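What follows is a single structure, written as structure tokens, with notes after it.
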Amino acid sequence: MATIDRATGREVHPCLITLRAAREEFSELVLTQVDPQACLKRLRSLISPNPYQLEPVRPLVTFDLSKYRLMDSMDVVAGLDSRPVLMDLSPTEFEHLVRHLFEAIGLDSVNTRPSQDEGVDAVAMNTDPVMRGLCIIQAKRTAKVVPFESVSALAGVVEHKRAAKGILVTTSWFGRASEAFANDHGRLELLDGANLVHLFKEHLDLDVIPGPVPPKRRPR
């Protein structure tokens, strides 16, 4: 609805009710016969605590995931021992474990089906209306350095999918050219094995063992 902000005199459009519903769930409703309050409660909506005073609520954010082939989640964490070796996981298990990590960080996340979908292994969504954005994730379980071509290809996927960020997660490490490219791009994040050790411990309380230690770099 439209009203006037008495502090500024400008027209504003406060959000008084917000909800998210799947197409299938919404299509089952007979809107001409529902009780509005009961229906909003069933749809887990957020309602202004003072609607007559036009007190707004933060709108829920949704993303169009129709361009991705999504798959059901696997509970990989439950089957891990106290010090899991990431290289012992299958590529699929590693991808689902990475999804677990981003969920623990606070992002809505979902895995994609193995396909020709440009190497997107998972999608993470920041639903905060201010910092909102969709991140595409590539997970590489490897014992070798991630080639520069993988990082540059991720940049192309980010642009093609119009994502807010691309995150490449690996059990190994990245070269200097890849790190410089990611820094210059601005919307790429590179998480190597050393980073994963800290992230899994902080957010999932897991003492993971990543891939081999990267070789020492020569001074520039």
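On the given criteria, is Ser172 in contact with a Gly (Cβ under 6 Å, 6 or more places away or on another chain), polar (S, T, N, Q), open to solvent by less than 50 Å² (accessible area, probe 1.4 Å) and not in a strand (DSSP E or B)?
For Ser172, the condition - in contact with a Gly (Cβ under 6 Å, 6 or more places away or on another chain), polar (S, T, N, Q), open to solvent by less than 50 Å² (accessible area, probe 1.4 Å) and not in a strand (DSSP E or B) - is met.
What number of residues within segment 14-33 satisfy the criterion of being open to solvent by 70 Å² or more (accessible area, probe 1.4 Å), modelled with pLDDT of 80 or more and assigned to a loop (DSSP other than H, G, I, E, B)?
Residues meeting the conditions: 5.
Condition check: open to solvent by 20 Å² or more (accessible area, probe 1.4 Å), in contact (Cβ under 8 Å) with a residue 24 or more places away in the chain and not β-branched (Val, Ile, Thr). Does Pro215 satisfy that?
So Pro215 does not fit the description; no.
Just to be sure, is Ala153 more than 17 Å from Leu86 (Cα to Cα), touching a residue at least 24 places away in the same chain (Cβ under 8 Å), open to solvent by 40 Å² or more (accessible area, probe 1.4 Å) and in a helix (DSSP H, G or I)?
Against the criterion (more than 17 Å from Leu86 (Cα to Cα), touching a residue at least 24 places away in the same chain (Cβ under 8 Å), open to solvent by 40 Å² or more (accessible area, probe 1.4 Å) and in a helix (DSSP H, G or I)), Ala153 qualifies.
Residues Ser66, Ser73: which one is out of contact with any Leu (no Cβ under 8 Å at 6 or more places or on another chain), surrounded by 12 or more Cβ atoms within 10 Å (Cβ to Cβ) and at pLDDT below 80?
Selected residue: Ser73, the only one of Ser66, Ser73 that is out of contact with any Leu (no Cβ under 8 Å at 6 or more places or on another chain), surrounded by 12 or more Cβ atoms within 10 Å (Cβ to Cβ) and at pLDDT below 80.
From Val110, Val85, Val130, which residue is out of contact with any His (no Cβ under 9 Å at 6 or more places or on another chain) and modelled with pLDDT of 90 or more?
Val85
The values are calculated or read from the model by the stated rules, or taken from the named source; none is laboratory data. Just so you know, these numbers come straight off a predicted model, no measurement behind them. Positions of Cβ are generated from backbone atoms using ideal geometry, with glycine treated the same way; all protein chains shown enter the neighbour counts. Quick note on the areas: whole protein, heavy atoms, side chains included, nothing else; ligands and nucleic acids left out. Shrake-Rupley method; radii C 1.70, N 1.55, O 1.52, S 1.80 Å.
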